[in-house]
2 protein chains.
Amino acid sequence: MSKPSRIQLENRAAIAEAAVSEFSSRGYHGATIDAIADKAGMSKPNLLYYFPSKEVIYRTVLEQIVEEWLSPLMTLDPTADPVEELRRYITLKMRMSADRPHASRLFASEVLAGAPILKDFLETRLKSLVEDKATILQGWIDDGKLAPVDPVHLIFMIWATTQHYADFEAQIDAVTGAQSKKPGFNEQASQAVLSILLNGVRPR
Amino acid sequence: MSKPSRIQLENRAAIAEAAVSEFSSRGYHGATIDAIADKAGMSKPNLLYYFPSKEVIYRTVLEQIVEEWLSPLMTLDPTADPVEELRRYITLKMRMSADRPHASRLFASEVLAGAPILKDFLETRLKSLVEDKATILQGWIDDGKLAPVDPVHLIFMIWATTQHYADFEAQIDAVTGAQSKKPGFNEQASQAVLSILLNGVRPR
DNA sequence: CAAGATTTTGACCATTTGGTCGAAAGTTTT
DNA sequence: AAAACTTTCGACCAAATGGTCAAAATCTTG
């Protein structure tokens, strides 16, 4: 096993990108290898030279997404100011939603379907991560620095609201008249989300 | 055209229920007529005697869902207390999420895919409904009865958080250790959501 | 209960699609 | 530039699946 060639790297990347796009908008079963290969600029047999099967493509891109999806949650600093920490985290997640909407939708699509592939990951790594962060939040609550709310539900709410802007983009565009494409929309949305969530958890 | 017989009504209902279940967990393309027919307790040709095609089944159940999904938003009373009105609405949506998770997920799946079927509905009826309710919310804000937040984003946040409990059930179950099946979980979730959202919009 | 209408289904067809194969085209190495 | 290796793809296959049809079974009604 030698290092992958330049062609290998380029093609694998092109396939992954095309796959995220196709899987996220058509769903696992709706996406076809042909369409992914087309979008990646190669023939179907050529694509299958790089990935052995459709399912492996799916697993591969899903794993990549999960890794980058997870990273920002890991950085909650228990010694910092809770409201500012949450502001930073929410802002980051809003930006991720705006930057990689396909990735968000692919993850959503997998979970919607009952997370057949990610179930194990969710039950182990994500679970312990959430428990970990919930402890930090609970510590802040115990110190009176945060209003008393169930920390796990707070985490769910942050995920729900931030990811909503990517996952339900079609609905948001329809209702706002495609405002979400305009520059500044994301800032406006972040404003609103931050205002409500942070006021919602500020101790009173 | 005479009235549908008892058999017609029963079978159409059984098919619709099976279809919601299949479409919501497998997606449009992943669901098969065979599986829907099986779940509805009949053969595939028999199912196709009641619905001419897969797409018509899909459209039919989606329309039913949209109608019931829409109804609770219509009842915001501008003369009532804003926080209490929002509490009522959020509670109702949380209950809907818990009662009809499949329906919620089917709707989510359609919007995730770019709302190919519902686009028109979202751009017309839902849009004007949102504009309508946003006006009511803005009125409350102008009266100082609600914190100044963009009303449209507030509506999005309510949808996001409440539907999250149905749409991401797999993730929530994984992270909480299948707590969501236990009685009382929905009350606890409602508590947290209400606490954060209502405190978030209460004027200060 | 018999005639007519409705409901049900086994057998079948056409298309789509995931995946294979062998040979051709292109690259890299010696 | 020849050998060796990597990459590409046309042609093909088998399974899955949406949908048809004619005949059988069942139900309704005069």
### Summary
Across the stretch A:36-74, the tally of residues that are within 14 Å of DNA strand C (Cβ to nearest atom), in a helix (DSSP H, G or I), of a type outside the set (Phe, Trp, Tyr) and surrounded by fewer than 18 Cβ atoms within 10 Å (Cβ to Cβ) stands at 10
#### Entry: Residues (charged (D, E, K, R) and away from DNA strand D (no atom under 13 Å from the Cβ)) located in the stretch A:1-38
A:Glu17, A:Glu22, A:Arg26
### Task
Determine whether the stretch B:75-87 contains at least one residue that is within 14 Å of chain A (Cβ to nearest Cβ), part of a loop (DSSP other than H, G, I, E, B) and crowded, with 18+ Cβ neighbours inside 10 Å.
no
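So is A:Ile65 modelled with pLDDT of 95 or more and under 22 Å from the mean Cα position of the chain (by Cα) or not? Give the steps one after another, and end with the answer.
On the way: modelled with pLDDT of 95 or more: yes; under 22 Å from the mean Cα position of the chain (by Cα): yes.
Considered against the rule, which asks whether it is modelled with pLDDT of 95 or more and under 22 Å from the mean Cα position of the chain (by Cα), A:Ile65 comes out as yes.
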### Message
Step by step: first the residues of the stretch A:151-204, then only those that are hydroxyl-bearing (Ser, Thr, Tyr) and within 7 Å of chain B (Cβ to nearest Cβ), then the one that is surrounded by the most Cβ atoms within 10 Å (Cβ to Cβ). Which residue is that?
### Response
A:Thr161
### Task
Residue by residue through the stretch B:140-193, note down the ones that are among the hydroxyl-bearing types (Ser, Thr, Tyr) and modelled with pLDDT under 95.
B:Ser180
### Task
Taking A:Leu126 as meeting all but one of (1) at the interface with chain B (Cβ under 8 Å from one of its Cβ atoms); (2) at pLDDT below 95, write down the number of the exception.
(2)
### Message
For the list (1) free of Cβ contacts under 8 Å to residues at least 24 places away in the same chain; (2) more than 10 Å from chain A (Cβ to nearest Cβ), I need the number of the one condition that B:Val111 fails.
### Response
(2)
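The values are calculated or read from the model by the stated rules, or taken from the named source; none is laboratory data. Remember, it's a predicted structure, so these values are computed and weren't measured experimentally. Using ideal geometry, Cβ is built from the backbone for each residue, glycine included, and neighbour counts are taken over all protein chains shown.
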